[in-house]
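One structure is given here, and the rest of the page talks about it.
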Amino acid sequence: MDEKIDLKKVARQHVEMDMFFVGDFALAEGLTGVPDEGEAGGDGAAAAEGLAAIAAEVGACCKCGLGESRTNAVPGEGNPNAKIVFVGEAPGADEDAQGRPFVGRAGQLLDKIINAMGMRRSDVFICNILKCRPPGNRDPRPDEIIACLPFLQMQLALIAPEVIVALGAHAARTLLNTNQAIGRLRGRFHDYYFSPDAPPVKLMPTYHPAYLLRNYSPDNRRRVWEDMQKVMAEVGLEMP
Ligand code: URA
């Protein structure tokens, strides 16, 4: 029988168990304490503190084998009060070298997309599903995703963005717990649940900038731009 794994549930249980044993209740609260309505964008100072604590944990993490081969962990960076969080797949060689997300060629294209939306990189938060580089930039493995996902879940819960943009198939499929193709998922909002009893946040899947670089056709660029225009409308950003 093909039993479907509920990744989100597994990850939540994993982090709750972890926090229970480690006793870091501040972080555990960050995960389960889903922001109240009207708190989107949340308390910047508290979020910044929580994000710094998560970054420190990521830096010391050895929960999967990637901890051994990394140069630097890449927890993510940006505005703790961001209305939009961009989530990619995993750090590549440039990111691993610098400890910062999306700083290579794909990152330069992401910067252009963010600028085209009328924002600076520092206005948003940028991170990945995996916080360490898979050797040779291979695809993330399920065990690595399960080990790493609690960090991202805590980051999202602390930032409490209005919209999450999932860059590429790995980010979209992981956050939406589905196997559907990115071509089918992109172009419309989906619901991302912090927890089963809290209202969902809107999630827009779109093509990964690296895919776009490899397939730089007018059609693909138009598709990504249409996706971003929907995101802009959702957060009340005017066309620049
Ligand atoms: N690709 C990603 O998915 N993330 C990065 O940080 C860089 C490239």
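Going through Leu203, Leu158, Leu149 one at a time, which residue ends up being buried (at least 20 other Cβ atoms within 10 Å of the Cβ) and free of Cβ contacts under 8 Å to residues at least 60 places away in the same chain?
Testing whether each residue is buried (at least 20 other Cβ atoms within 10 Å of the Cβ) and free of Cβ contacts under 8 Å to residues at least 60 places away in the same chain leaves just Leu203.
If the Cβ limit is 9 Å and pairs must be 6+ apart or interchain, which residue in the range 100-111 that is polar (S, T, N, Q) pairs with which residue that is crowded, with 17+ Cβ neighbours inside 10 Å?
If the second residue must be crowded, with 17+ Cβ neighbours inside 10 Å, the pairs left are Gln108/Phe102; Gln108/Pro209.
Which residue is surrounded by the most Cβ atoms within 10 Å (Cβ to Cβ), if the candidates are limited to the range 118-144 and must be away from the ligand (no atom under 13 Å from the Cβ) and over 15 Å from Asn81 (Cβ atoms)? Break it down into steps so the answer makes sense when it comes.
Our first condition is that a residue be away from the ligand (no atom under 13 Å from the Cβ); within the range 118-144, this holds for 118-120, 122-124, 135-136, 141-144.
So of that shortlist, the ones also over 15 Å from Asn81 (Cβ atoms) come out as 118, 135-136, 141-144.
Working: Gly118: 12, Pro135: 12, Gly136: 7, Arg141: 14, Pro142: 12, Asp143: 11, Glu144: 20.
Looking at residues that are away from the ligand (no atom under 13 Å from the Cβ) and over 15 Å from Asn81 (Cβ atoms), I get Glu144.
Of the conditions (1) more than 18 Å from Gly236 (Cβ to Cβ); (2) more than 9 Å from the ligand (Cβ to nearest atom), Val87 satisfies every one except a single condition; which number is it?
Failing condition for Val87: (2).
Can you name the condition, by its number, that Gly59 falls short on among (1) modelled with pLDDT of 95 or more; (2) loosely packed, with under 15 Cβ neighbours inside 10 Å?
It is condition (2) that Gly59 fails.
Just checking, how many residues over the range 148-163 are touching a Leu at 6+ places or on another chain (Cβ under 9 Å) and within 19 Å of Ala55 (Cβ to Cβ)?
Residues flagged as touching a Leu at 6+ places or on another chain (Cβ under 9 Å) and within 19 Å of Ala55 (Cβ to Cβ) within the range 148-163 amount to 11.
Here is a check on your reading of the model: is Val235 surrounded by 20 or more Cβ atoms within 10 Å (Cβ to Cβ) and over 17 Å from Gln153 (Cα atoms)?
No; evaluated as a whole, the condition is false for this residue.
Listed here are the residues, each with its yes/no results for (1) surrounded by fewer than 17 Cβ atoms within 10 Å (Cβ to Cβ); (2) acidic (Asp, Glu); (3) in contact with a helix residue (DSSP H, G or I) (Cβ under 8 Å, 6 or more places away or on another chain).
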residue	(1), (2), (3)
Ile182	no, no, yes
Leu185	no, no, yes
Phe189	no, no, yes
His208	no, no, yes
Tyr216	yes, no, no
Arg222	yes, no, no
Asp227	no, yes, no
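Could you tell me whether the range 68-76 includes any residue that is farther than 14 Å from Leu152 by Cα, crowded, with 18+ Cβ neighbours inside 10 Å and either away from the ligand (no atom under 11 Å from the Cβ) or without any contact (Cβ under 8 Å) to a residue 12 or more places away in the chain (or both)?
yes
What is the number of the single condition among (1) within 10 Å of the ligand (Cβ to nearest atom); (2) in contact (Cβ under 8 Å) with a residue 40 or more places away in the chain; (3) not aromatic (Phe, Trp, Tyr) that Val163 does not meet?
(1)
Can you run down the residue pairs with Cβ atoms below 8 Å, 6 or more apart or on separate chains, where the first is in the range 223-235 and modelled with pLDDT of 95 or more and the partner is acidic (Asp, Glu)?
Hits for this filter: Met232/Glu238; Glu234/Glu162; Val235/Glu162.
What number of residues within the range 63-112 satisfy the criterion of being in a strand (DSSP E or B), in contact with a helix residue (DSSP H, G or I) (Cβ under 7 Å, 6 or more places away or on another chain) and over 18 Å from Ala169 (Cα atoms)?
2
Let's see how each residue does on (1) closer than 26 Å to Arg105 by Cα; (2) of a type outside the set (A, V, I, L, M):
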position	(1), (2)
Pro205	yes, yes
Arg221	yes, yes
Met228	yes, no
Glu234	no, yes
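What number of residues within the range 113-144 are assigned to a helix (DSSP H, G or I) and within 18 Å of Ile164 (Cα to Cα)?
From the range 113-144, those assigned to a helix (DSSP H, G or I) are 113-116, 121-123, 135-137, 142-144; that's our starting set.
Retained after the next criterion (residues that are within 18 Å of Ile164 (Cα to Cα)): 113-116, 121-123.
Number satisfying all stated conditions: 7.
Look through the range 139-160, keep the residues that are under 16 Å from Asn177 (Cβ atoms) and among the hydrophobic types (A, V, I, L, M, F, W, C), and return whichever of them is farthest from the chain's Cα centre (by Cα).
Per the stated criteria, the residue is Ile146.
The values are calculated or read from the model by the stated rules, or taken from the named source; none is laboratory data. Nothing here was measured: the structure is a model prediction, and the numbers come from that model. Note: ideal-geometry Cβ built from the backbone for every residue, glycine included; neighbour counts use all protein chains shown.
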